[in-house]
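The values are calculated or read from the model by the stated rules, or taken from the named source; none is laboratory data. Please read these numbers as outputs of a predicted model, since none were measured by experiment. Quick reminder, even Gly has a Cβ in these numbers, built from the backbone with ideal geometry, and neighbours come from all protein chains shown.
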Amino acid sequence: MAEVKLSNVRKSYGAVDVIHGVDLDIADGEFVVLVGPSGCGKSTLLRMVAGLETITGGEVRIGGRLVNDLDPKDRDIAMVFQNYALYPHMTVATNMGFSLEHRGGSKADIAERVKWAADILGLSPLLDRYPRQLSGGQRQRVAMGRAIVRDPQVFLFDEPLSNLDAKLRVVMRGEIKSLHQRLKTTTIYVTHDQVEAMTMADKIVVLQAGRVEQIGAPLDLYDRPANQFVAGFIGSPAMNFLNGTITATGFAAQGILLPLPAITPRHLDEKAVYGIRPEHFALDGDGVEAEIVLVEPMGSETQVRMKLGETLVTGVFRERVSQSPGTKIRVQPDLNAIHLFAADGGQRLN
Amino acid sequence: MKADLSPRTKMFLYGLMCVLLIPFVFPTWWMVTSSVKPISDIFAFPPQLVPQTYDWTTYSKVFELQPFVTQYWNSAYIAALVTAGTMLVSSMAGYAFARIRFPFADAIFMVVLLGLLIPSEVTIVPLFQMFLKAGMVNTHWPLVLVPIFGAPSVFATFVMRQFFISLPVELEEAARVDGLGRFKIFTRIALPLAKPALASVAIFTFLHSWNLYLEPVVFLSSADKFTLPQALTQYTDAYGGPMWNIQLAAATLTALPVLIIFIIAQKQFVEGLAHTGLKG
């Protein structure tokens, strides 16, 4: 196990910069998730830590050791790939023991390590099978087995659950998390799925266009996003945004005046974006008027698409909403959960 | 064939296939049956599809008139050497062109491919002069070296490159993380997975070498050095006229290993073609 430190890490392909100086400290044993939309550079960053991509500038340190110019094999890392990358011509046992065999481990030692990993991952009955004879979930487990068998300093996961169906993804999410809790190995995990990020991470790094937007614990990011991008990316259904102006009486959005928490006077009359998560609306006769556009009963809750003034927003209510589209209802935003962002640049104002 | 075809359509398709088979099967049938006919029966009219009389002595004459066993061995070992050499060269070159980034790789590959456009007849005279200077005329060296470093190998390199390009890059990256260097990745990961492509290269190359005619005629002059295609032309009477039945008996013996290899390796052959995206 080891800490990982990225200092001003940059990556360019010719004249095109794809990673613009990333700083990141990952503590020993921490589970860090790199999350962001497609093309944000999260996989590139992970591959730079792995040594599969060269580093244009900055430093990558693993366990205090500068690894910029080291081959992947010398970085003491193990990686799980999106499509598992199991060797098709080797059995599960050979796949898992391959790196140990190549590093000159004794047969007895390799067998013991493979058995240990197979027991942890429930792969013992599958050791003589070939990858083509396994299901998606089993292949995923073998890929993880291949990673843990070596007891590396750092695990790297590159969107490992993307090829699984939704149900299996939830199961494997839990397995990876419990594996981490058991082994306590420093882990860097890349995903574009913010639910995976929220449920698995000790710390989330949100990336956009090769830049870090925010680093923090999952609930910190959820409760206090640093900017409009993070606010919109984290959370499902996504946060609602209304454009308007901060006034002394409230937030003047298009066709509606919304209540505001106390805000410093310097932001008065400033153009801004009003952010509120769907679950922070409450049905309240004293609230602001909204026109129902669509009602989606989910069983445990009801999602309602509604118009606040001229803006279409989503509300999630514990109550069952039975009104039909076109009906007017009254909803109250939770004043403690209002997020205000600058109209220019999207930085948080409150 | 799809299971949901009607019996009538199936019958039609099978019938069509039988008709299409005729141009492929008939020459082989004619060769085998004529090899045991007296010469006069070969040209009899109407043609005899099934021999009226069987003359098996043609097969013993094949061995009496020429050092056929030696010529058989010549063809076999030259084809084996060429096949092994081409597999080695083409797999390494194909892998390099597919996976190793080096300056002008694509341009160099295009230049290499141009080798396929030059007919062997064009290069045979300069090659003869070259091998003459090297003292290799009337030896088997030209028949081994020219295909390994010539057009057959270029084609094989193309086949192997196409295969290696289709291998997921992640497999090699996983191997790099597992501690393998470039050469070990080639030998332990890429090459074992390339078996279908290697099999098709082996079959193509073996057949090419086995059937090679022009080069042996140019480079070899003594009967004990001849390969089979060249030896077939030597079964002539005192006036230079061909002894058809003996020649066809020798041709049958020559075609036999090729047929056996194809029957044994049919699956790999078809798989190899499918992998490379080429059509036969």
- Residue by residue through region B:65-109, note down the ones that are polar (S, T, N, Q) and either under 21 Å from B:Phe149 (Cβ atoms) or in a helix (DSSP H, G or I) (or both). B:Thr70, B:Gln71, B:Asn74, B:Ser75, B:Thr83, B:Thr86, B:Ser90, B:Ser91
- Filtered residues of region A:123-138 (kept if closer than 18 Å to A:Pro160 by Cα and in contact with a helix residue (DSSP H, G or I) (Cβ under 7 Å, 6 or more places away or on another chain)): A:Leu123, A:Pro131, A:Leu134, A:Gly136, A:Gly137, A:Gln138
- Return a yes/no flag: does region A:50-72 have any residue that is within 14 Å of chain B (Cβ to nearest Cβ), surrounded by 22 or more Cβ atoms within 10 Å (Cβ to Cβ) and not aliphatic (A, V, I, L, M). yes
- Does at least one position in region A:277-286 carry a residue that is buried (at least 18 other Cβ atoms within 10 Å of the Cβ) and closer than 12 Å to A:Leu308 by Cα? yes
- Message: Kindly evaluate B:Leu171 against the criterion of being within 10 Å of chain A (Cβ to nearest Cβ), surrounded by 17 or more Cβ atoms within 10 Å (Cβ to Cβ) and in contact with a helix residue (DSSP H, G or I) (Cβ under 7 Å, 6 or more places away or on another chain).
- Response: yes
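The rows are residues; the columns are (1) free of Cβ contacts under 8 Å to residues at least 24 places away in the same chain; (2) within 14 Å of chain A (Cβ to nearest Cβ); (3) part of a helix (DSSP H, G or I); (4) under 24 Å from the mean Cα position of the chain (by Cα).
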{"site": "B:Leu180", "(1), (2), (3), (4)": "yes, yes, no, no"}
{"site": "B:Ile185", "(1), (2), (3), (4)": "yes, yes, yes, no"}
{"site": "B:Ile189", "(1), (2), (3), (4)": "yes, yes, yes, no"}
{"site": "B:Ser200", "(1), (2), (3), (4)": "no, no, yes, yes"}
{"site": "B:Trp210", "(1), (2), (3), (4)": "no, no, yes, yes"}
- Task: Please note which strands (runs of 3 or more DSSP E) are completely contained in region A:1-119 and include at least 1 residues that are in contact with a Lys or Arg (Cβ under 7 Å, 6 or more places away or on another chain) and either among the charged types (D, E, K, R) or free of Cβ contacts under 8 Å to residues at least 12 places away in the same chain (or both).
- Result: A:4-13, A:16-26, A:57-62
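Condition check ((1) at pLDDT 95 or above; (2) not charged (D, E, K, R)) across all residues:
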site	(1), (2)
A:Lys177	no, no
A:Met198	no, yes
A:Ala217	yes, yes
A:Ile234	no, yes
A:Thr247	no, yes
